[in-house]
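What follows is a short report on a single structure.
Each reported figure results from applying straightforward, stated rules to the coordinates on display, with no laboratory input. Just so it is clear, the model here is predicted, and its values are computed rather than measured. Quick reminder, even Gly has a Cβ in these numbers, built from the backbone with ideal geometry, and neighbours come from all protein chains shown.
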Amino acid sequence: MNRRFFLQALTATTVLANHSASALLLSGSGDMIMAIFPGTAAADIDSRTFTDLTHPMTSAIAAKTSKKVYAESYRSFPLIENVIDNNHADVLFVPPTLAVHAMQHGYEPVVRVKEFLSGVMVKRKGETVKRIAMTSSDSWPGLMGRQVVAEHKLGPASMIETVKNQEAITYLLDRGVVQAGAFITVHANRLIATGKYEAWYPLTSTPGFTVLVHNKLAAKYGSAITQTMLSLPAPAIDGLQTLIPSAIKQFVPCSKQDYAALAKALEAALPA
């Protein structure tokens, strides 16, 4: 479909990816790109649903900044990290590990979800733990899980089975391939409720999903985006909550200092 016709026909302010190179405020085009990484625990969501869920937020930002705002979904760490490294997004809405990465590549945090991220290392009841499954250290539960392994001297890095997402951890646990796994709280609670698993070690809580603005745009648009996110209407919050598995009820201002402990954890992370 012709891009010009598509944009003219589109009533929402959100579109999918593939337009970053030609529709980037940083490049002087006048349009604002917001890259979103829902997280490894997020369910697969098709493009139409993604548009519907993010439209209330991007509409609010567009109204406040007087810019067209296009949201792009990324479901792989290499893809979103490439966007961040090459400054192919004006605004980011990403998990905290990616927020720390973005701060090293020209992005400034402006607001974060008020609720801190929390998680639990879960184990099979009555079994000795020889293998632990977790996502890569790029992800929050994978990073904090490795921190638990190191701090409590649970074993060598070789005991860690790195998998794609939380569902893969559950799969390996259910089949006895591993005896423990690192989960965000909502997934851990589901497993514990079955009676087959028990909480083993808590993961250290940290700031959660974060909105960042490229520092070249922060002076002009940072305040407007911050004000918008702090006063998002209920439909916008509901859409984000459906998209992202972590609790999202309210946003609060933030700064780089909020992520200092997380940055140290990333530096000290066991191999992925």
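In the chain, the calculated helix contribution to ellipticity at 222 nm averages -10500 deg cm²/dmol per residue, counting -39,500 (n - 2.57) for every DSSP H run with n ≥ 4. If Lys and Arg each add +1 and Asp and Glu each add -1, what is the summed charge of the other residues whose beta carbon sits under 15 Å from the beta carbon of Lys264? That sum, taken over residues with Cβ under 15 Å, equals -1. In this rough spin-label picture, where each label sits 7 Å from Cα along the Cβ direction, the Lys220-Val186 distance is 3.6 nm.
Quick one: net charge of Ile225's neighbours, Cβ under 15 Å, K/R +1, D/E -1?
Working: positive: Lys64, Lys67, Lys68, Arg112, Lys216, Lys220; negative: Asp31, Asp90, Glu108.
Result for the neighbourhood of Ile225: +3.
Set the Cα radius of gyration of region 47-111 against 2.2 N^0.38 Å, with N its number of residues, and you get 1.15. Cβ crowding within 10 Å ranks Arg146, Arg131 as Arg131, Arg146, fewest other Cβ atoms first.
For Phe209, the residues 5 or more places off, or on other chains, whose built amide H falls under 5 Å of its own are Val113. Look at Glu127, Glu161 and count the other Cβ atoms within 10 Å of each Cβ; fewest to most, that gives Glu127, Glu161.
Please arrange Lys114, Lys68, Lys125 by counting, for each residue, the other beta carbons lying within 10 Å of its beta carbon, fewest first. Can you show the working numbers first?
Working: Lys114 14, Lys68 19, Lys125 11.
Ranked by crowding around the Cβ, least crowded first: Lys125, Lys114, Lys68.
Distance between the modelled labels on Arg75 and Val252, one decimal in nanometres: 3.3 nm (7 Å Cα→Cβ projection).
When the chain is fully extended, how far beyond the present Cα-Cα distance does Lys164 get from Val177, taking 0.36 nm per residue of separation?
Working: separation 13, 0.36 × 13 = 4.68 nm, distance 1.55 nm.
So the extension gain works out to 3.1 nm.
Between Asp85 and Gln241, the distance separating the two model label sites (each 7 Å from Cα on the Cα→Cβ line) works out to 3.7 nm.
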